[in-house]
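Structure record follows, encoded as structure tokens.
The values are calculated or read from the model by the stated rules, or taken from the named source; none is laboratory data. This one's a predicted model, so the numbers in the text were calculated from it and none came from an experiment. In this analysis, Cβ positions are derived from the backbone assuming ideal geometry, glycine residues included, and neighbour counts consider all displayed protein chains.
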Ligand code: ADP
């Protein structure tokens, strides 16, 4: 973004800045604009009230000098993984989710951020804008929810196992003949108990991932083979909705991964694509992208509203569009997929357009690249 004193190309951008300033000054969301050097050029009132830094403190300064964005593990993300920088590098909107930012008082505050690149009148990249909101309350609710669910999940597992065991015996005729009505009722109970067990298992699985207590079994994998396997399971569901499943496989190198976990990710993405699509198609493709292999699942479904995208992948989060499909879900599948991808040193990208469809891309390091950075010994987690 050219300096204020620059004329020509700069004046168009200054007008844009002033317009943005007027629009966003009254917003409840914090907002700031940086130029290509990451110098702050615009800082709204909500940003000041969330973080305490005034316009005077920040204008003309490098955002890295005081915002100190970090992730949930306290790792600084101001350099390589800065969402604003990524936005500018890719020249596309990136939703970074929740990060922690430094308040002027010295405390850290969790903020949900969305970033987008800004272009000048000639279409050249001129900087980026970040919109953020304080999610302290949501984080706390999340913590309480997590503790509560964890206790409940552990307590539910044993009685559920016993219920399902006895149901199986009764349905198998071990307790005498059942009439059709009794069998029908018990099958509904069995189906509900199964769903509850899946939910409890998903929750405990996620908990184990988050606390690093999941054992991974590393091997070289062909994504194409795994995708083919996953698709086979979903053909009946897709046919029922007259959805086409299309694959576009480029010949890609193997990835180093845990077979059942990568299968779980693929299954979740394909299952979601079918669940949240009423008409059209689900397209799955693989291709190489630098030192990574990309697996993309794209659908023509209901999409996800832009202001909810940043929360997709949070535990129990379901987008408002999910209910329009009548599809059941717990909002845990993508949270688990996200953890699995993280353990593979991969990345999950989500792009969605409301009413038009979504694209979920998983980037996984090529097997050869991965063994170079972590020895096979390190690859075996305990
Ligand atoms: P669920 O069990 O609810 O499907 P997930 O964790 O797999 O849970 O997904 C979380 C939420 O993300 C879903 O409830 C849905 O709102 C949204 N979502 C996931 N995939 C898609 C998709 N392909 N299209 C639209 N929305 C999706």
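Of the residues in the range 223-241, at least one is over 26 Å from residue 367 (Cβ atoms), part of a loop (DSSP other than H, G, I, E, B) and not assigned by TED's automatic domain parsing to the domain that holds residue 162. Scanning the range 175-196 turns up one or more residues that are in a helix (DSSP H, G or I) and closer than 30 Å to residue 357 by Cα.
In the range 158-192, what residues are surrounded by 14 or more Cβ atoms within 10 Å (Cβ to Cβ) and within 36 Å of the chain's Cα centre (by Cα)? Of everything in the range 158-192, those that are surrounded by 14 or more Cβ atoms within 10 Å (Cβ to Cβ) and within 36 Å of the chain's Cα centre (by Cα) turn out to be 160, 163, 164, 189, 190.
What number of residues within the range 335-346 are touching a strand residue (DSSP E or B) at 6+ places or on another chain (Cβ under 6 Å) and either within 8 Å of the ligand (Cβ to nearest atom) or without any contact (Cβ under 8 Å) to a residue 40 or more places away in the chain (or both)?
Here the count works out to 2.
Identify the residue in the range 285-316 that is near the ligand (Cβ under 8 Å from one of its atoms) and under 21 Å from residue 207 (Cα atoms) and, among all such residues, is surrounded by the most Cβ atoms within 10 Å (Cβ to Cβ). Among residues in the range 285-316 that are near the ligand (Cβ under 8 Å from one of its atoms) and under 21 Å from residue 207 (Cα atoms), the one surrounded by the most Cβ atoms within 10 Å (Cβ to Cβ) is 312.
The residues of the range 197-222 that are assigned to a helix (DSSP H, G or I) and over 23 Å from the mean Cα position of the chain (by Cα) amount to a single one, 197.
Condition test on residue 246, is it in a helix (DSSP H, G or I) and more than 13 Å from the ligand (Cβ to nearest atom)? When the stated conditions are applied, residue 246 does not pass them. Where the second residue is part of a helix (DSSP H, G or I) and the first is not assigned by TED's automatic domain parsing to the domain that holds residue 191 and lies in the range 152-168, which pairs have Cβ atoms under 9 Å and are six or more apart or on separate chains? Listed pairs, sorted by first residue: none to list.
Can you pull out every residue in the range 38-47 that is part of a helix (DSSP H, G or I) and crowded, with 18+ Cβ neighbours inside 10 Å? Selection gives 46, 47. Only one entry in 90, 184, 172, 106 is at positive phi and not assigned by TED's automatic domain parsing to the domain that holds residue 350, namely 106. One residue stands out in the range 317-327 among those that are more than 7 Å from the ligand (Cβ to nearest atom) and in contact (Cβ under 8 Å) with a residue 12 or more places away in the chain: the one that is nearest to the chain's Cα centre (by Cα), namely 320.
Of all residues in the range 241-258, those that are out of contact with any strand residue (DSSP E or B) (no Cβ under 6 Å at 6 or more places or on another chain) and within 14 Å of residue 230 (Cα to Cα) total 0.
Looking at 231, 214, 141, 245, just one residue is surrounded by 11 or more Cβ atoms within 10 Å (Cβ to Cβ) and modelled with pLDDT of 95 or more, and that residue is 245.
Given the condition closer than 28 Å to residue 350 by Cβ, under 18 Å from the mean Cα position of the chain (by Cα) and surrounded by fewer than 20 Cβ atoms within 10 Å (Cβ to Cβ), answer yes or no: does some residue in the range 49-67 qualify? Looking through the range 49-67, none of the residues is closer than 28 Å to residue 350 by Cβ, under 18 Å from the mean Cα position of the chain (by Cα) and surrounded by fewer than 20 Cβ atoms within 10 Å (Cβ to Cβ).
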